[in-house]
Amino acid sequence: MTTDGLFDIAEPDDAFGGPAEPQVREGAPLAVRMRPRSLDEVVGQRHLLGPGAPLRRLLEGGAPASVLLYGPPGTGKTTLARLMARSGAGSRHFVALSALSAGVKELRAVIEDARRRLDRDGRSTVLFIDEVHRFSKTQQDALLGAVEDRLVLLVAATTENPSFSVVSPLLSRSLILQLRSLEPDELRALLRRAVVDGRGLGGSVELADDGEDALVRLAAGDARRALTALEAAADGVRSAGGHSIGLADVERAVTEVAVRYDRAGDQHYDVISAFIKSIRGSDPDAALHYLARMIVAGEDPRFIARRLMIHASEDIGLADPTALQAATAAAQVVQLVGMPEARIALAQATLHLATAPKSNAVITAIDAAMADVRAGAVGSVPPHLRDGHYSGAEKLGNAVGYRYPHDDADGVLAQQYPPDDLVGRDYYVPTTRGSERVLAERLPRLRRAVRGDARG
């Protein structure tokens, strides 16, 4: 079986040996019909397509290089791969694979076909792999030799940060280019072109200002989403005998905007990072926004609850001792009640933590103590603190001379507790925020009493 029989060959070859003009089937979605056919039609990505930029050099026939295109959906990754196959002398064969369906066997067949084509007529092969982050390590490793020997020019697309999902050897052999979401003005230009272009709506409708604003807002930087929503709104208007697409038409066509969020990808890390930093920064409104994004996207509520419990100790601590209680209670609600009701408890805990006084004194204290231990500052436990509940302990001096604090009226007695080398070492330094203000006043007195005036 030939390679053409195994895989989705995105573009047939023309009479000159290069990829022919892509054939778009009748009734194809608007986003497919409006796919750019040349570099001049590409909207957005000015940071990669400006004069002298690496991607422009590649597309204009510069030295070949394998590329990892990393960015949100609808930013042009597939389009740029197709244009790369058609760049230069137009002699590159184009093969498209989806990581959802291709395995090692299919990869090796493509590589072998590329080797034969290169030996036979000198034609190189552009191998486009969509969603490369879904390839296993074994599948990615199968590409390494072919990429290094330039048997194939790899153009891999991913919506995730490649650092999390692509093996290091493949990263080092590829040019990593990050695509950005389209700006509002770029989306407007795209929509206006689709309305008048013969490949698009061909002027069968017009786009009112409020309709355009709604589409730009709904698209959230995603060109495919913008065109899909435009097509749905246009179908609705034309079926009703209308001609102009306004706000109401867009709202009828698009009932809910999908949240761009992949629980296994970098959006997962970016959103939870913004969530925690908003709480730490005492911005309850921003924190609720990121909480809502996670909930709507289907994030595991147990994960959110765990992060709240960690944050309660890490960034609030004893400045508000009830913060950890609130976070733990929310985690119990998640466990015992479940979603969607548990969203209320998660929101309550988020608001509690965001509006609480902040202190990182707890994590600073334990980290400093652990650093000393790792550095070897351990020392022997003072004899009077050792276990005395076994026969012969007294003869060894264990527990001899221990003073019981409750025998004192104040409950505090002068007595050495740390090893000799750590006497006088202060780990916990309370702030003057929230409940720690009281501790900041009380702790120096405690230390003087425990260590004795001479050591205080």
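The values are calculated or read from the model by the stated rules, or taken from the named source; none is laboratory data. Model, not experiment: these values are computed from the prediction. Neighbour counts are summed over all protein chains in view; Cβ atoms, including those assigned to glycine, are modelled from backbone coordinates with ideal geometry.
To keep it simple, each residue is scored yes or no on (1) at pLDDT 85 or above; (2) surrounded by fewer than 12 Cβ atoms within 10 Å (Cβ to Cβ).
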| residue | (1), (2) |
| --- | --- |
| LEU385 | no, no |
| HIS389 | no, yes |
| ASN398 | no, no |
| HIS406 | yes, yes |
| LEU413 | yes, no |
| PRO418 | yes, no |
| ALA454 | no, yes |
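Scan segment 102-113 and give yes if some residue there is small (Gly, Ala, Ser) and under 23 Å from the mean Cα position of the chain (by Cα), otherwise no. Within segment 102-113, not a single residue is small (Gly, Ala, Ser) and under 23 Å from the mean Cα position of the chain (by Cα). Each residue in segment 147-175 was checked for being in a helix (DSSP H, G or I) and surrounded by 17 or more Cβ atoms within 10 Å (Cβ to Cβ), and 4 of them qualify. Being in the same structural domain as HIS243 (by TED's automatic domain parsing) and at pLDDT below 90 is a condition met by at least one residue of segment 194-214.
Would segment 220-230 turn up any residue that is assigned by TED's automatic domain parsing to the domain that holds THR75, aliphatic (A, V, I, L, M) and within 25 Å of the chain's Cα centre (by Cα)? No: segment 220-230 contains no residue that is assigned by TED's automatic domain parsing to the domain that holds THR75, aliphatic (A, V, I, L, M) and within 25 Å of the chain's Cα centre (by Cα).
Yes or no: segment 130-141 includes at least one residue that is closer than 21 Å to LEU39 by Cβ and in the same structural domain as PHE164 (by TED's automatic domain parsing). Looking through segment 130-141, at least one residue is closer than 21 Å to LEU39 by Cβ and in the same structural domain as PHE164 (by TED's automatic domain parsing). Taking residues in segment 70-86 that are among the aromatic types (Phe, Trp, Tyr), and partners anywhere that are surrounded by fewer than 24 Cβ atoms within 10 Å (Cβ to Cβ), the pairs with Cβ atoms closer than 6 Å and at least 6 places apart or on different chains are TYR70/PRO162; TYR70/GLN178.
Here is the figure for segment 102-122: residues that are surrounded by 15 or more Cβ atoms within 10 Å (Cβ to Cβ), closer than 19 Å to ALA85 by Cα and not small (Gly, Ala, Ser) total 7. Scan segment 343-357 for residues that are within 12 Å of ALA319 (Cβ to Cβ) and surrounded by 21 or more Cβ atoms within 10 Å (Cβ to Cβ) and the total you get is 2. Counting residues in segment 415-427 that are of a type outside the set (A, V, I, L, M), touching a residue at least 40 places away in the same chain (Cβ under 8 Å) and within 30 Å of GLY281 (Cβ to Cβ) gives one or more. Where helices (runs of 4 or more DSSP H) fall entirely within segment 62-146, those with at least 2 residues that are of a type in the set (D, E, K, R) and closer than 20 Å to ARG224 by Cβ are at 77-85. Since LEU351 meets every condition but one in (1) under 28 Å from VAL423 (Cα atoms); (2) of a type in the set (A, V, I, L, M, F, W, C); (3) under 25 Å from the mean Cα position of the chain (by Cα), which condition does it not meet? LEU351 satisfies all of (1) under 28 Å from VAL423 (Cα atoms); (2) of a type in the set (A, V, I, L, M, F, W, C); (3) under 25 Å from the mean Cα position of the chain (by Cα) except (1).
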